[in-house]
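Accompanying notes for the structure given below.
The values are calculated or read from the model by the stated rules, or taken from the named source; none is laboratory data. Please read these numbers as outputs of a predicted model, since none were measured by experiment. Cβ placement follows ideal geometry from the backbone for every residue including glycine, while neighbour counts extend to all protein chains displayed. Note: areas computed on protein heavy atoms with side chains; ligands, DNA, RNA excluded. Shrake-Rupley method; radii C 1.70, N 1.55, O 1.52, S 1.80 Å.
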Amino acid sequence: MRERIGLAAALALLSATGATAGEAAIGELIGLTPVEVRARLTGAPAATPLTRGFEVARDGGTDAYFTLDDLAADPAALRRRAAWRTHGEVSSDAGAPVCRSRVVAEPRDLTVGDPVLAFRDGRLTAVLRPARPGLRPPAPPHENRKAYERWIRQASLGPFQARFGQLPLEDGVGFLGRWEAARLDGSDRLLVDCAPPPALPAVVRPAKRPPLNESDMQGLALAPFAIRLPAINRDRARARDRGAATLAGLSVGQRLPRDVGLHARRDGLRWHGSARPGYGVLTVDLGGGKTRNLSDMRDAALVGVEDGVVRWISPPGGAGPGAGLLCVDAEGLAGTPRPGCQGWGIYRP
């Protein structure tokens with residue numbers, strides 16, 4: 001009873017400050033749709049756009065996986081995350097709430113990590129702990145520059161590859177067996193609390209111009225190349241619109257044209273074939289927002305295709321595999337093993 005009173009007081013305080021909070025036991029949510037789960041935890045109207053989850057064909061149906069953060073996020077929060085991922089300009093979105101989600105287990109200890117909600121044919125079946133990569137060895141001394149650089153590039157094998165060098169989900173739904181996080185108990189509770197964004201600090205202009213720092217010097221060194229920025233931003237915007245339309249037109253179980261790999265680059269797509277006949281991964285260039293960064297970081301969605309049929313779709317930043325997995329070689333080192341991979345294992349669609 002004391003715990004219930006404490007929660008009620010906390011919710012009242014949040015309401016008084018313009019914030020909201022929602023909490024529910026996992027058992028109470030089983031069988032609900034993603035929109036219904038979100039409404040229970042955040043109060044969001046059903047018409048609020050819902051982000052797309054990591055979708056996988058399995059046993060004649062479709063599984064969809066959402067991190068709780070993504071499921072609870074409103075459109076403004078999703079735009080901010082996309083801007084951060086692609087080094088774009090972040091809109092202030094004044095008034096848009098900032099939400100945090102977590103698992104609350106008895107005796108109300110906060111579990112580290114963003115839980116993943118698993119839906120089967122549109123209904124919640126389980127809540128999983130996050131899929132985590134394996135442990136990395138300790139870092140070597142900085143003085144051993146070669147060993148230290150290799151350590152930085154060394155990836156950790158996660159659940160979406162059976163071994164390094166493979167394409168994501170090359171062994172089908174084997175990732176489920178490697179997902180080291182077991183199901184959470186039905187008595188565990190999911191908590192989402194949302195609050196207005198913190199006020200931005202006032203800009204205080206110094207009385208005297210400070211001397212140039214290292215960042216300023218780097219900016220001056222790149223200044224001659226800044227003429228490329230308008231063209232980069234136009235292309236990022238085109239790719240964002242075209243990629244969003246392409247992704248919206250793809251669905252698990254859909255049969256693709258036979259020549260999709262041959263003409264992929266023309267449509268903002270890139271095809272990566274597997275050593276296993278009939279399997280490959282298609283990437284969709286989702287561009288990015290306006291940026292002042294010449295590196296032109298972009299979002300990319302991954303689409304797993306087997307014998308011409310879409311088997312899974314993984315949007316960027318969600319619960320599924322990311323494009324960086326395409327840039328890990330057979331030794332587990334991030335680099336340039338496939339087209340689109342740059343430098344330290346960064347993928348550009």
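Things worth noting here:
- With R₀ fixed at 45 Å, the C-beta to C-beta distance from R123 to A231 puts the FRET efficiency at about 0.45.
- When the surface is traced with a 1.4 Å probe over the full set of protein chains, H87 keeps roughly 90 Å² accessible.
- Probing with 1.4 Å while keeping every protein chain in the model, the per residue accessible area of segment 27-71 equals 42 Å².
- Q254 long-range amide H proximity, modeled H, under 5 Å: V310
- In this structure the amide hydrogen of G332, modeled in the peptide plane, comes within under 5 Å of the amide hydrogens of G165, none closer than 5 places in sequence on its chain.
- Put a dot 7 Å past the Cα of D185, heading toward its Cβ, do the same for T48, and the two dots end up 3.0 nm apart.
- Counting only heavy atoms of the protein chains and using a 1.4 Å probe, T336 has close to 90 Å² of accessible surface.
- Exposure of R178 as accessible area (Å², to 10), given a probe of 1.4 Å and all protein chains: 80
- Förster radius 45 Å - calculated FRET efficiency between L176 and N293, Cβ distance, rounded to 0.05: 0.75
- Excluding ligands, DNA and RNA, the accessible surface per residue across segment 138-185 is 62 Å² with a 1.4 Å probe.
- Using θ = phi - 60° and Karplus 6.51 cos²θ - 1.76 cosθ + 1.60, couplings along segment 43-53 (whole Hz; Gly, Pro as x): x, 5, x, 4, 6, 5, x, 10, 5, 8, x
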